[in-house]
Amino acid sequence: MTGVDALDGVKLLQRQLEAFFARRTDLHRRLDVLVITHPHMDHVLGAAWVLEHFEVGSLVDDGREARDPARPHVDEYLRVAAARKVPRTSITE
């Protein structure tokens, strides 16, 4: 998957979530959990946006800290989650 494909995927995610919550106003734009299976761009690129635009009850990921210049999108979702005080659970093997 290229960066362009991943960006298109983020736009699709944004449209789908906005449409879903427009229909389900009873959910108050809340996701109980956001699960990040692994830190590849096509899995985490939209995570920071989700954390910024919705109330997220908890974050589950693989526990790795990015600190890798090639993966700034991981640092971004971790920063947003910390700033919004979203509890993080890390699952390792």
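The table below lists the values:
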item: Amide proton proximity set for Leu34, modelled H, under 5 Å, gap of 5+; result: Ser58, Leu59, Val60
item: Whole-percent carbon and sulfur share, accessible surface of region 14-82, 1.4 Å; result: 53 percent
item: Residue-averaged [θ]222 nm for the chain, counting only DSSP H segments that reach four residues, each worth -39500 (n - 2.57); result: -14500 deg cm²/dmol
item: Charge dipole (the chain, unit charges on Cβ, about Cα centre) - positive-most of Thr25, Gly46, Gln14; result: Thr25
item: Probe 1.4 Å - accessible area at Asp62, Å² to nearest ten; result: 30 Å²
item: Whole-number accessible area per residue in Å² for the chain, which is evaluated in the context of all protein chains at 1.4 Å; result: 65 Å²
item: Arg71/Val33 FRET efficiency (R0 22 Å; Cβ-Cβ; nearest 0.05); result: 0.50
item: Net charge of neighbours whose Cβ lies under 12 Å from the Cβ of Val80, counting Lys and Arg as +1 and Asp and Glu as -1; result: +1
item: Residue-level accessible surface for Val33, protein heavy atoms, 1.4 Å, Å²; result: 70 Å²
item: Length released on extending from Gln14 to Ser58, taking residue separation times 0.36 nm less the Cα-Cα span; result: 13.9 nm
item: From phi via Karplus (6.51, -1.76, 1.60), per-residue ³J(HN,Hα) for region 20-36 in Hz, x at Gly/Pro; result: 4, 6, 5, 7, 10, 5, 5, 8, 6, 6, 10, 10, 5, 8, 10, 10, 10
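The values are calculated or read from the model by the stated rules, or taken from the named source; none is laboratory data. Note that the coordinates shown come from a computational prediction; the quantities given were computed from them, not determined experimentally. Methodologically, a virtual Cβ is constructed for each residue, glycine included, from the backbone with ideal geometry; neighbour enumeration extends over all protein chains shown. To get the accessible areas, we keep the full protein, side chains included, count just its heavy atoms, and leave off ligands, DNA and RNA. Shrake-Rupley method; radii C 1.70, N 1.55, O 1.52, S 1.80 Å.
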